[in-house]
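The values are calculated or read from the model by the stated rules, or taken from the named source; none is laboratory data. Predicted model only: the values in this text are computed from it and were never measured. Don't worry about glycine lacking a Cβ; one is built from the backbone with ideal geometry, like all the others, and counts go over all protein chains shown. Surface accessibility is based on the protein's heavy atoms, side chains included, excluding ligands, DNA and RNA. Shrake-Rupley method; radii C 1.70, N 1.55, O 1.52, S 1.80 Å.
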Amino acid sequence: MAESEQVGGIPANEQIADVIVNHQHDINLSDFAVKRVLSVNPQRKTIFLEGCFKDKEGKAVLLLEKQAFEEKSVAHITANAELSKLFVNDCYGSYECFPEAKLNGIKTTLIFPATDKHIKKFESQPIHIIEETKDYYKNITLPHLTQDQFNLQWVYNILDGSAEVDRVVLEDKDPNTGFVLLPDLKWDGKQTDSLYLLAIVRPHGILSLRDLHNEHLPLLINIRDKCLAAILERYGVPKSQLRVFLHYQPSFYHLHIHFTYLQFEAPGIHAEKSHLLSTVINNIQLKPDYYQEATLAFAVRESDNLFTSYENKGIVKRCPPKEENETQNSN
Ligand code: G7M
């Protein structure tokens with residue numbers, strides 16, 4: 001894409017401006033060479049690409065996502081649109097619409113330089129559920145985490161105010177119960193029907209849900225109460241319309257809590273991954289060490305090294321390669 005070329009009315013270079021500023025590199029998407037498509041999701045209208053930049057060391061992952069319509073721009077679309085006919089049957093017509101008005105841009109996330117772990121994360125893969133007992137956690141998951149985790153620098157940058165400062169919605173500086181609330185990387189911070197915020201806890205060393213016990217209740221309750229009030233005040237969304245949850249397993253092992261608009265089907269909201277904060281608080285109130293004792297199910301991709309750790313112990317089996325599957329099915 002040429003530097004001056006526009007997608008949806010926003011110059012291509014402006015759409016990735018956040019990323020360029022954060023990366024402090026002079027990056028131009030026209031220098032991006034696609035190596036392979038990692039995955040395509042027609043429902044979510046996303047395509048994830050692996051590539052590299054001309055004259056730059058390192059791999060890159062580019063995530064492209066078409067965005068929802070904005071109600072305010074509908075009139076611009078219909079005012080000057082050309083409809084190209086696909087077919088007509090009785091009163092039903094199917095067309096492709098080419099509006100003259102520029103629509104909203106393509107949400108673009110760039111990970112550069114990207115590690116092989118980043119690439120694996122976005123690659124389409126068979127997924128399995130693992131029922132993690134407290135012993136599996138201690139003997140398999142935890143040792144794996146101490147060796148193989150995503151870097152948390154972006155989290156520390158937010159906590160110490162050296163990145164995304166202008167995006168912060170609310171900050172509580174208490175070292176034990178404090179947090180920073182800000183829009184998730186996936187949200188542009190504008191359309192409330194795709195609202196997605198993250199509260200990152202101030203204390204270090206709480207890796208995930210597994211570590212939470214009764215001493216963390218003041219932290220969890222503080223986050224719940226202050227973030228819900230701030231979201232109502234800033235975005236006008238009441239708590240009854242928010243999904244407030246934690247991921248297990250998360251991608252990043254520094255505790256953070258997700259706040260999304262209930263009617264928005266955000267990625268990672270399914271039963272095998274998300275735990276409502278209200279349920280977490282309630283479970284700990286009923287049993288202070290609930291999350292140390294419970295068997296927690298989680299989903300893991302075959303390409304993830306955590307899967308391999310469980311596979312090596314004979315707890316889960318890899319799917320046969322696709323061709324084999326197809327041969328089996330046709331027999
Ligand atoms: O799965 P897990 O609970 O670890 O989710 C981590 C969340 O952090 C995801 O929803 C990401 O979109 C979000 N996220 C990841 N990074 C690298 C950033 C970042 O640099 N800034 C912000 N604001 N959110 C991020």
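Within the range 110-126, how many residues turn out to be more than 14 Å from the ligand (Cβ to nearest atom) and among the β-branched types (Val, Ile, Thr)?
Of the residues in the range 110-126, 1 are more than 14 Å from the ligand (Cβ to nearest atom) and among the β-branched types (Val, Ile, Thr).
Does Asp172 satisfy the condition of being over 26 Å from Thr133 (Cα atoms), modelled with pLDDT of 95 or more, touching a strand residue (DSSP E or B) at 6+ places or on another chain (Cβ under 6 Å) and within 9 Å of the ligand (Cβ to nearest atom)?
Answer is no for this residue.
Does the range 100-109 contain any residue that is within 13 Å of the ligand (Cβ to nearest atom) and open to solvent by 40 Å² or more (accessible area, probe 1.4 Å)?
no
Given the options Asp90, Asp31, Asp135, Asp116, name the one that is open to solvent by 70 Å² or more (accessible area, probe 1.4 Å) and within 30 Å of Ala163 (Cα to Cα).
It is Asp116.
Using beta carbons and a limit of 8 Å, which pairs, at least six apart or on different chains, have the first residue in the range 157-174 and closer than 26 Å to Pro218 by Cβ and the second one of a type in the set (D, E, K, R) and more than 12 Å from the ligand (Cβ to nearest atom)?
Leu159/Arg202; Val169/Arg234; Leu170/Lys226; Asp172/Arg202; Asp172/Lys226; Lys173/Arg202; Asp174/Arg202
Please count how many residues of the range 236-251 are within 26 Å of Ala297 (Cα to Cα), more than 8 Å from the ligand (Cβ to nearest atom) and either in a loop (DSSP other than H, G, I, E, B) or of a type in the set (Lys, Arg) (or both).
Of the residues in the range 236-251, 2 are within 26 Å of Ala297 (Cα to Cα), more than 8 Å from the ligand (Cβ to nearest atom) and either in a loop (DSSP other than H, G, I, E, B) or of a type in the set (Lys, Arg) (or both).
Tell me yes or no: at least one residue of the range 193-209 is modelled with pLDDT under 95, more than 30 Å from Pro288 (Cβ to Cβ) and away from the ligand (no atom under 14 Å from the Cβ).
yes
Tell me which residues, restricted to the range 172-190, are more than 17 Å from the chain's Cα centre (by Cα) and either of a type in the set (Phe, Trp, Tyr) or surrounded by 17 or more Cβ atoms within 10 Å (Cβ to Cβ) (or both).
Across the range 172-190, the qualifying residues are Asp172, Thr177, Gly178, Phe179, Val180.
For the range 93-111, what are the residues that are in contact with a Lys or Arg (Cβ under 8 Å, 6 or more places away or on another chain) and in a strand (DSSP E or B)?
Gly93, Ser94, Tyr95, Lys107, Thr109
How about the range 40-68: which of its residues are open to solvent by less than 40 Å² (accessible area, probe 1.4 Å), assigned to a strand (DSSP E or B) and over 26 Å from Gln191 (Cα atoms)?
Result: Glu50, Gly51, Phe53, Ala60.
Just to be sure before I move on: is Gln191 out of contact with any strand residue (DSSP E or B) (no Cβ under 6 Å at 6 or more places or on another chain) and without any contact (Cβ under 8 Å) to a residue 24 or more places away in the chain in the structure I sent?
no
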